[in-house]
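Some notes on the structure that comes next.
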Amino acid sequence: MAATKSWVERLGPIWVEGQLIEIKRRSGAITQFLTMRDTLAEVSVTLSTSQAVLDAAGPLTEGTVVAAFVRPTVWSKSGSLTFECRELRPSGEGRLLAAIEQRKRMLQAEGLFDPAGKRRLPFLPRRIGLVTGAKSAAERDVIENISRRWPAAVVEVRHALVQGQQAVEQLIDAVRSLDAHPEVDVIIVARGGGSLEDLLPFSDEALARAVFACRTPLVSAIGHETDTPILDLVADVRASTPTDAAKRVVPDAAAEAELVRAALGRVRVAISNRIDGEGRRLAELRSRPVLRDPSAFLSGHGERLQTARDRLSRAIEGRLREERLGLGHTMDRVRALSPLATLQRGYAILTDDQGNTVDRAGATAPGARLTARLGDGRLDLTVNDIEVQE
């Protein structure tokens, strides 16, 4: 086994290319293990490497194509052939994916992907901005689906290159133009599927920052469901396809009409139920004795009022009798003491012409004129003679 190990290790290190299909990270361990598959044959091997080599390679994910500087060796305990990886570099798409991943981490750290900054799409935009390639399938899909869902929708289109060196600049200009439009309430950036290289403009840092600076809500509809460029992460809403983007920016007129009809039906039922309920309640109220014959409620009070009136009348009559009787007694006493009563018994009151009472014979003189007041009248008298009794 030692001779085999010595002979294998004399082969020396070599650069190989393959796809990482498994990364076994062991926390705190010096040695890490990778599984790499040949890109041309169905062969996979295990690589041992250090944490320093993994860190130097940048962010790696399973599925990345890499170039590895490996040295073959034999594991003495098991006699298995393994490869020691001394250097690891992303290659081809792997290099692009690593660069995109590094850019994602930088922009995420700056807060460009923060969900708190995402804006809600308007329910029914006045005008829909669309950035896409001229005469592209994405443009046709978006416009057709928008028209089918909401025929009155207005789409403001800005054409731009969607791949190549000048794509980023044109995409930024188109987005800024629509963002400045006073009636555009939502913007869609749409492109059909493509390779990783074709979709690179939508992972450009400048485009990501331009979209982040937009005041208008933006929907990203790039490629297929599995494609996730940086634009998808910065946009307010990510649509899986251009057709999905059309569904997100406008409501379905038929569905909304059906919702309105259903709502009207529920309102009618609710109103009918309310009227029926109030009718039953009114009928219950009307069936109560107090409302069926309101005077019945007053009859008891009327009887009590009549009883009170009768008692009051009797009390008044009794009091009047008592007062009349008392007044009669008082009148009798007054009459008994009245001078008129004395006069009615045959007496008279004499007064001189000055109205002074003559109560003795010496108070007058012969020839004086006197008035005698009787019980039923008066007499005018002339004194002829005065006789004083001693």
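Every read-out reported here was derived from the displayed coordinates using simple, explicitly stated rules and does not represent laboratory data. Just so it is clear, the model here is predicted, and its values are computed rather than measured. Because the Cβ atoms are built from the backbone with ideal geometry, glycine has one as well, and the counts that use them run over all protein chains shown.
Roughly speaking, what % of Cα-Cα pairs in region 257-390 are separated by over 19 Å, rounded to a whole number?
Summing the P(r) tail past 19 Å for region 257-390 gives 78 percent.
Work the Kirkwood hydrodynamic radius out for region 1-157: mean of 1/r over every pair of different alpha-carbon atoms, inverted, in Å.
Value: 19.9 Å, from the Cα pair sum.
Net charge around F202, counting only other residues with Cβ within less than 11 Å of its Cβ (Lys, Arg = +1; Asp, Glu = -1)?
Around F202, the charge tally is -3.
Subtract the Cα-Cα distance of E322 and D380 from 0.36 nm times their separation in residues, and report this length gain in nm to one decimal.
16.4 nm
Cα to Cα, under 19 Å, and not fewer than 8 places away if on the same chain: which lysines meet these conditions relative to K104?
K118
Students often check this: by mean Cβ neighbours within 10 Å, which of 20-28, 250-258, 223-231, 159-167 ranks highest, and how do the rest follow?
223-231, 159-167, 250-258, 20-28
What does region 83-192 give for Rg and for Dmax, in Å, if only its C-alpha atoms count?
According to the Cα coordinates of region 83-192, Rg and Dmax are 18.6, 65 Å.
Can you list the equivalent-ellipsoid semi-axes of region 341-382, largest first and in whole Å, using the square root of 5 times each Cα gyration tensor eigenvalue?
Equivalent ellipsoid semi-axes, largest first: 19, 11, 8 Å.
What's the exposure ranking of V168, V157, going from fewest to most Cβ atoms within 10 Å?
Working: V168 20, V157 16.
Sorted ascending by nearby Cβ count, the order is V157, V168.
List the relative contact order of the chain as a percent without decimals, with contacts defined as Cα pairs under 8 Å and 6+ residues apart.
Relative contact order for the chain comes out at 9 percent.
So how do C85, C214 line up by other beta-carbon neighbours within 10 Å, fewest first?
C214, C85
How large is the helix-only mean residue ellipticity at 222 nm for the chain, computed as the sum of -39500 (n - 2.57) over DSSP H runs with n ≥ 4, divided by its residue count, in deg cm²/dmol to the nearest 500? Each step should come with its number before you reach the end.
Details: 12 runs with 168 residues, N = 390.
Theoretical 222 nm ellipticity from helices: -14000 deg cm²/dmol.
Using a Cα-Cα cut-off of under 19 Å, which aspartates and glutamates could be cross-linked to K77, ignoring same-chain neighbours fewer than 8 residues away?
Answer for K77, where 19 Å is the Cα cut-off: E9, listed by chain and number.
Taking only the Cα atoms of the chain, how large is their convex hull per residue, in Å³?
Here the figure is 536 Å³ per residue.
Report Rg(Cα)/(2.2 N^0.38 Å) for region 255-312, keeping two decimals.
So the Cα radius of gyration is 2.35 times the expected 2.2 N^0.38 Å.
Can you give me the Cα centroid spacing of region 38-112 and region 179-254 in angstrom?
32
Peptides 328-334, 73-79: what's the order by average Cβ count within 10 Å, highest mean first?
With the highest mean Cβ count within 10 Å placed first, the list reads 73-79, 328-334.
When only DSSP loop residues count, what trypsin sites (Lys or Arg not before Pro) in region 188-226 have their Cβ near at most 11 other Cβ atoms within 10 Å?
R215
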